[in-house]
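To start, the structure itself, in structure tokens.
The values are calculated or read from the model by the stated rules, or taken from the named source; none is laboratory data. Here the structure is a predicted model, which means the values were calculated and not measured. Every residue, glycine among them, receives a Cβ derived from its backbone with ideal geometry; neighbour counts consider all protein chains shown. Surface accessibility is based on the protein's heavy atoms, side chains included, excluding ligands, DNA and RNA. Shrake-Rupley method; radii C 1.70, N 1.55, O 1.52, S 1.80 Å.
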Amino acid sequence: PAFSQYYAAPLYLNPAFAGSSPDHRLIANHRNQWPAAGRGFQTYAMSYDANVPSLRSGFGLMLMTDKAGSASLRSTVLHGIYSYKLKLGDSWVIATGLDFGYGSRSIEMNKLIFGDQLQFDTNGAPSDDPAASRLGMARYFDFGSGLLIYNKTFWMGASINHMNHPNRSMLGEEALIPVATSIHGGLRIPLYNGPFHRQAIPVLSPSFVYKRQGRFEQLDVGAYLLYDPLVLGVWYRGIPFNKGSGSNITQDAVVVVLGFQFDRFEVSYSYDMTVSK
């Protein structure tokens, strides 16, 4: 699963972000992907994290669930997250993060129709397909890590997810999740530095995230403009100058963002405009 507003899901992007805010932080994310395709992907995440300066540490929890297709193929993972921070001088911080996840994967059997139920008039009788009796819930552990360096105006990091190749097969076979890696970074650039005092100064914040999993890769690059309290943003998702092959879609979407940011609360909405075929 991927969020267009990846910077608004920091613990999912990199566990080293846990405790990067000086306050307690509670975040809720929702993504409705490809709704016109009929029962597309519905992804939800909730996270909480806090900074503990006396321990130079950050702690976080995140619950994430992803539902796909007409039979509600659901993957749910509860993450426990820890980060340790090392200060470099007065402004720079290096943080390392660990992510310990426990997940499950299931499907709503009563929404499935097997071949023998189509071939014969079974009047609602159960399928004799061997796969029907083998389908069950998969449970698995998932581990990840991350590294982050940041100050008040800059951040750069990398993360590795599914380091233990968890098996989430619901048939008692082998369905390993490939390792996923990402590199990401961003800036905060004040657009006014003059002699006059202003209550609100516009800030431009460009950022990017590059992800790779198996033979698939994805690049999100763009920026948002913050002019208190308004947030406007534009991103492009794709691999420039790469036409891709097969099912590896490299020219994906343009993302527009509109939001409002206050002292203790922020809300934003984004829409993906598909640019591929």
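Looking only at residues that are at pLDDT 85 or above and either of a type in the set (F, W, Y) or over 24 Å from R215 (Cβ atoms) (or both) in segment 234-254, which one is surrounded by the most Cβ atoms within 10 Å (Cβ to Cβ)? If we take residues in segment 234-254 being at pLDDT 85 or above and either of a type in the set (F, W, Y) or over 24 Å from R215 (Cβ atoms) (or both), then W235 is surrounded by the most Cβ atoms within 10 Å (Cβ to Cβ). Within segment 136-162, the set of residues being among the hydrophobic types (A, V, I, L, M, F, W, C), over 20 Å from S21 (Cβ atoms), open to solvent by 60 Å² or more (accessible area, probe 1.4 Å) and touching a Ser or Thr at 6+ places or on another chain (Cβ under 7 Å) comprises M137, I160. Out of all the residues in segment 43-54, is one or more open to solvent by 70 Å² or more (accessible area, probe 1.4 Å) and charged (D, E, K, R)? The answer is no, given that none of the residues of segment 43-54 is open to solvent by 70 Å² or more (accessible area, probe 1.4 Å) and charged (D, E, K, R). Of all the criteria given as (1) within 11 Å of the chain's Cα centre (by Cα); (2) open to solvent by less than 40 Å² (accessible area, probe 1.4 Å), the one not satisfied by Y7 is (2).
Here A37 fulfils each of the conditions (1) under 18 Å from the mean Cα position of the chain (by Cα); (2) closer than 21 Å to R237 by Cα; (3) not basic (K, R) apart from (1). Checking segment 109-120 against the condition returns no match, with no residue being modelled with pLDDT of 95 or more, β-branched (V, I, T) and either within 26 Å of R25 (Cβ to Cβ) or open to solvent by 50 Å² or more (accessible area, probe 1.4 Å) (or both). Restricting attention to segment 57-97 and to residues that are open to solvent by 80 Å² or more (accessible area, probe 1.4 Å) and under 17 Å from the mean Cα position of the chain (by Cα), the residue that is farthest from W34 (Cα to Cα) turns out to be L61. Scan segment 14-32 residue by residue and report those that are more than 22 Å from A158 (Cβ to Cβ) and buried (at least 17 other Cβ atoms within 10 Å of the Cβ). Residue satisfying the conditions is R31 alone. Filtered by the rule that a residue be open to solvent by less than 20 Å² (accessible area, probe 1.4 Å) and of a type in the set (S, T, Y), segment 166-185 gives a lone residue, S182.
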